[in-house]
Structure formats: C-alpha cells, structure tokens
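The values are calculated or read from the model by the stated rules, or taken from the named source; none is laboratory data. Note that the coordinates shown come from a computational prediction; the quantities given were computed from them, not determined experimentally. All Cβ positions, even for glycine, are placed from backbone atoms using ideal geometry, and neighbour counts span all protein chains on display. All accessible areas refer to the heavy atoms of the entire protein, side chains included, with ligands and DNA or RNA removed. Shrake-Rupley method; radii C 1.70, N 1.55, O 1.52, S 1.80 Å.
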Amino acid sequence: MAVNPYHGASPHRLWRRAVSIQGAETDPVHAFPFTVSTTDAVVTAGSCFAQHISRRLAASGYKFLITEAAHPFLEPDTAAAFNYGRFTARYGNIYTARQLLQLFHRAYGTFTPVEDAWRTDTGAWIDPFRPQIQPGGFPTEAEYRADREQHFAAVRTAFETADVFIFTLGLTECWEHAVDGAAFPICPGTSAGGVFDPEVHRFANHSVSDVIEDMEAFFGALRAMNPQVRVILTVSPVPLVATARDAHVLVATTYSKSVLRVAAETLVSRHEKTGYFPSYEIITGPQSRGGYFEDDLRDVRAEGVDRVMSLFFQHVCETSGESQPAEQRATASDDFFERAKSLNDALCDELLLDDGSSAD
Amino acid sequence: MATRQLPSAGHDTWGDEMGSTNASVPADAPVIVGNSHAEVILASAAREGFPLRGWAFGRGPQPPWSEDGTELHHAVQENLQTGRVFSIVGRSHHEERGLLQHPVPFDFVLPEAPDLPLTPGAQILPYEAVRETLLKIMTFDFQIMSAVWDLAGDRMVHILTQPPLKNLEAIEKFPAWDYGDAAISPAHLRLKLYRIYASATRQWCAKRGVPVIDPPFEGLTDDGFLRDEYLSNATHANVDYGVFWLRRMEQWL
C-alpha cells in the first residue's frame, strides 16, 4: 500500500474517529503547550464569555488574581453590582484586540484618549472605555478621576504580576474616534452613554492583520514588563448582538469569529508561551448540535460552560478543577466590622452607666 | 419626671417595667423613642426637669418588636397613642462602620461636599456603593421608624443624632474601650459617613412629611463636627448637648 501523510494518522486528526464517532464527547484539545498550576496567578480579560472562566477558576481553587478587589466595607451584593471581581481588575468587557492594547497604554500613561469622559443627563460621569462599570455613572468628576487612577494602578499590577494571562477575543467590529483611533467598547450614543457623532465616531471592522498587529504590540509591551507571562487565547463563541455592516448578522458573526480564529492561530504559531484553547469549537462545533446555546441561539448555557471548563481543567490545569474553594486564610480585616459592631454596641450600652448627674 | 430605667430581664418584663416607669410621668408628656441616643436625651430631661416619657431600645431579644416581630411591642404602642412623639431611632451604623480605621483604609468622594479631603493612600470606594451599603445596614432602623410613624403619624418628629467628633485625641482618651490595634478613622471620613446617614434619614422623613430636628448648632464646630466638650463617649453626645436637643424639642410642643 502506498504511504501518504494520512496513513497511520493519530485518531485526533481524523474527523470520523475524532468527531463523528465521539459526538457530544468530542474533545478538541490536543497538546496544550503548558500547564496552569494552582499557584499560578491567573489574570483574565476579554468579552463577556471570559467572565465564565473567571468565576469557574475562582470556584475551583485556582489563584484567580484580583487586583481591584471590593473593600470589605461593601456588602457582597453591592460589590458585585459595581462589577468588582468579574475580571482581575474593573475594566469591564474588553471586546477587541485594539481595546486591550489601548488599555495597556492608558494604564501606563502612554495614551490619553481625546474623548475622555461622557456626561449623563443627570450630570453623572461615564468612562467611555468602561461605560457600564459603575451603575448610574460616577456622581462627581473627583470620584471619576480618582477611581480611574486607582483602576490603572490595578491594571498595571495585573500585567506585571500575572503568571498566566487569559484573553478571550470577542469582536472585530468596533467604533473608534476619528482623531486618535480610541476604540470604544460600545458605540457612543447607546443606553450605555455618550453622544454619537458621525463626524467623530467611525466604524471599524478589524482584519486578520489588524488583530495580529494589535495583539503582537500588546505581547511586546506585556512581555517587556513581565517576560515570563504565559498567554492563553480563546475566541468567544457568543455571536454578535448586532452588526454595523449592511450584512446579515449571522454572516457578520462568521466573519468576525473567523478573523479572530485565524489571528489566534497565527499568534500561537509565532509566539512561545502562548496557547489557544478551543472554547469556540467546543460550543459551536457540529458535535454540539447547537445544544450549548440558549433559546435565543446566542447565550451559552451553563452546560456549555461546564463542558468548556471541564476540558480546560483536564488539559490545561494541574488538577481536575472539581470545586475546591480557594484556601481560606483569615486576615485581619475578615472580622473587622464584626468587632467594630461589638464596640459600637458596647458604646451604646455604656450610656446606661451614665445617669446624667454630672456634665463632667 | 423623665425616667430611663431599663430592665435586665426578658422581653415581656422589659415592656412591663418600661410601662410602669413611664406611668410616673404625666400621660400627656411627650415621648421619645430611640436607641442609645434616646438615653442621652432622657438623662438631659431628668436633669432639667423636662417631662418626657421614654422608650430606649437596645434591651431584650428583639427590641422593640412583639414576640412574632410583626409590630411594635404592645407596651411601646400603648405609649405612642397620644402626644408628641420624638424619634431618635438609629444605632449609628455610620460609626459602626467608620469609627475604627480598617486595616485597608478606605475613603470616598461625597458629592455634596467634594472638597472634603481624601485619605492619602486609601482605597477609593464608589460613593453610591458606600451609600447603598449604609442604607442596607440602616434598614432595621427604618423599619422601626416606619412602625413608629404608622402609630404616631403627624405627631412624629425625628431627631438626627449628632455629628462625629473631629478631635481624635478627645475620642482616644476614653480608656474604657479597647480599640485593639485599630486607630480611629480620620475625621473627614467619619463626617462623610455621618452625612450619608443624615441625608438618607432626611429623605426618609421628607417622603413621609416627618419634620426633622437637625443637630443643634450650638454644640458644633464651624466645620460641622461635634465640639469636644459635648462628647460622652466615642460615639455619643453628653447630657449637656442633650439640653440643646430639649430646647429644639420644646418648639414642637
């Protein structure tokens, strides 16, 4: 029999064996270049799908790094409403490679966008690059600017101390400022804030080369600060909510995801300590038969996230990731407010000792 | 004469004892309800001979509620049926959260006073998040105030508690309390938290048409803190300041 490159190929290379027969049990992960240990500081960023990764890592005993944590003063549900803990820092969703690169430069003071703030009808301040980070916006300019400086410090800490940086590429379409190319996460003038100005805000649909160029610029900047950081790229399986192109949104989605997938593949092939994890294929591949999407055919069901994370822990992580809450170490601040409450109660009770007979 | 004797026994006994002691005050005397700050006013009233009935909560398993927690204790209800009702309900949760400096210092920008200092190096919290947290903690106080208002209606007048003290040394001189290794929070932070309490309370009252007695200015510094000489302990005014409150209360009789 003539020998050819497919002769004797490993099963994972053959559709019939790796997908047709496996069906829903298809495991598309093969030879991930490195392992994430439970002691690695993991930073996450990206589109909305990336939040699932953050949550599952945190719940599974991995060291999901949070550099902009909620202060214990805040009640937990209030902290969550103000977007603490969704990602490593309070940057909100980062949908494009351009946005990620600009976040880096903004955090290090090498890029200051011209359109620096939006105002609401009630006078609140909105960060155009984190428009939904603060419910209702920032009530004062002073808080807006203080919070952003604090945020940038947290971003710098994240980039500089990450052992692993996981970035989920979400979109190629975005709106940019015509003067300085600042990429907004959401088109100005939507309910998130801002005023759309066709003279100033231009549509961009990034190409493969755009995404590669932005990501390589980001890699260079990141690794200049943190040479040992390992990067994991994923592509979000979540379709576009809407396209600004005159095209069917399904077609526009396929284009965007294709661009991101090609860019991710190219980046991994060019850079060491960089891996691609196939969340996109796990959710959208024919083996899932669409079963991982909700009824709206857009949101990913919990079973889909479970499948992604199960394979992530199996192939990328040191342990299986079965729910093991991170080691709880009591800190001085854990029971602080309980002790403060006890003191306040005692001070209130002390009043009973004073019969008011003396003003001294 | 005003009394402020509180029982040490259980719930029903508390109600009965409060009722019996209030019985020594003219039935048409105004009544004050509240937590520990009511103690201050009652003590001032006792010293000044100001006829005042009193219900100072803070004793009993679920003061001041009935056994099933659905309404005010019957003894409280009985004494709120007539006459002017002064409320100083509130357990100074802003002090509870802000008196001692947290190991991770925090601060925030108060929109009504954005020029108040920010603590250098402190974690800046969103004002709305701070306010939301304090309001959640104050929920129990508002529930009591609602119950009082349900009974007293337009006879109710609410008294704001006093602002914090500015002088840290004056607070720290109270030796009875062990602050552990915690320092007292900066004055500007304590004032900001107080002002959230005050504005939230004023808003609650305004919604219901309940008049508010602001902290008497005679006992305050020019920048809105309690003067040193009117402090009873780290979080309470003394009976001398209570007299200022009495003068304001008289205007509502």
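Identify, from the list B:V25, B:V33, B:V85, the residue that is at pLDDT below 90 and over 24 Å from B:S185 (Cβ atoms). The conditions single out B:V25.
Which one of these is in contact with a Lys or Arg (Cβ under 8 Å, 6 or more places away or on another chain), of a type in the set (A, V, I, L, M, F, W, C) and more than 14 Å from every other protein chain (Cβ to nearest Cβ): A:V29, A:V42? Exactly one residue qualifies, and that residue is A:V42.
In the range A:90-107, is there at least one residue being within 13 Å of another protein chain (Cβ to nearest Cβ) and modelled with pLDDT of 95 or more? Among the residues of the range A:90-107, at least one is within 13 Å of another protein chain (Cβ to nearest Cβ) and modelled with pLDDT of 95 or more, which makes the answer yes. If the condition is being touching a residue at least 12 places away in the same chain (Cβ under 8 Å) and within 19 Å of A:E265 (Cβ to Cβ), then the range A:12-25 contributes A:H12, A:V19.
When residues in the range A:117-153 are screened for being in contact with a Phe, Trp or Tyr (Cβ under 9 Å, 6 or more places away or on another chain), part of a loop (DSSP other than H, G, I, E, B) and more than 13 Å from chain B (Cβ to nearest Cβ), 4 of them pass.
Please work out which residue is modelled with the lowest pLDDT, limiting yourself to the range B:9-20 and to residues that are surrounded by fewer than 22 Cβ atoms within 10 Å (Cβ to Cβ), away from chain A (no Cβ under 14 Å) and under 15 Å from B:Q77 (Cα atoms). Only one residue fits best here, namely B:H11. Inspect all residues belonging to the range B:117-133 and state whether any of them is in contact with a helix residue (DSSP H, G or I) (Cβ under 8 Å, 6 or more places away or on another chain), of a type in the set (G, A, S) and facing another protein chain (nearest Cβ under 7 Å). Within the range B:117-133, one or more residues are in contact with a helix residue (DSSP H, G or I) (Cβ under 8 Å, 6 or more places away or on another chain), of a type in the set (G, A, S) and facing another protein chain (nearest Cβ under 7 Å). Selection of first residues in the range A:273-288 that are of a type in the set (A, V, I, L, M, F, W, C) and of second residues that are in a loop (DSSP other than H, G, I, E, B), restricted to Cβ pairs under 6 Å at least 6 apart or on distinct chains, gives the following pairs, ordered by first then second residue: A:I283/A:P237; A:I283/A:Y292. Of all residues in the range B:80-115, which are surrounded by fewer than 19 Cβ atoms within 10 Å (Cβ to Cβ) and among the aliphatic types (A, V, I, L, M)? B:V104, B:A113 - these are the residues of the range B:80-115 that are surrounded by fewer than 19 Cβ atoms within 10 Å (Cβ to Cβ) and among the aliphatic types (A, V, I, L, M). In this structure, A:F32 does not qualify as in contact with a helix residue (DSSP H, G or I) (Cβ under 9 Å, 6 or more places away or on another chain) and surrounded by 21 or more Cβ atoms within 10 Å (Cβ to Cβ).
Hey, does the range B:60-79 have a residue that's more than 7 Å from chain A (Cβ to nearest Cβ), surrounded by fewer than 19 Cβ atoms within 10 Å (Cβ to Cβ) and in contact (Cβ under 8 Å) with a residue 60 or more places away in the chain? Scanning the range B:60-79 turns up at least one residue that is more than 7 Å from chain A (Cβ to nearest Cβ), surrounded by fewer than 19 Cβ atoms within 10 Å (Cβ to Cβ) and in contact (Cβ under 8 Å) with a residue 60 or more places away in the chain. The residue of the range A:85-111 that is nearest to A:A162 (Cα to Cα), among those that are open to solvent by 40 Å² or more (accessible area, probe 1.4 Å) and out of contact with any helix residue (DSSP H, G or I) (no Cβ under 7 Å at 6 or more places or on another chain), is A:H105. Candidates in the range B:134-166 are the residues that are among the polar types (S, T, N, Q) and either farther than 26 Å from A:D77 by Cβ or under 13 Å from the mean Cα position of the chain (by Cα) (or both); of these, the one that is nearest to the other protein chains (Cβ to nearest Cβ) is B:T161.
Checked across the range B:124-142, the condition of being within 20 Å of A:W125 (Cα to Cα), aliphatic (A, V, I, L, M) and in a loop (DSSP other than H, G, I, E, B) holds for at least one residue.
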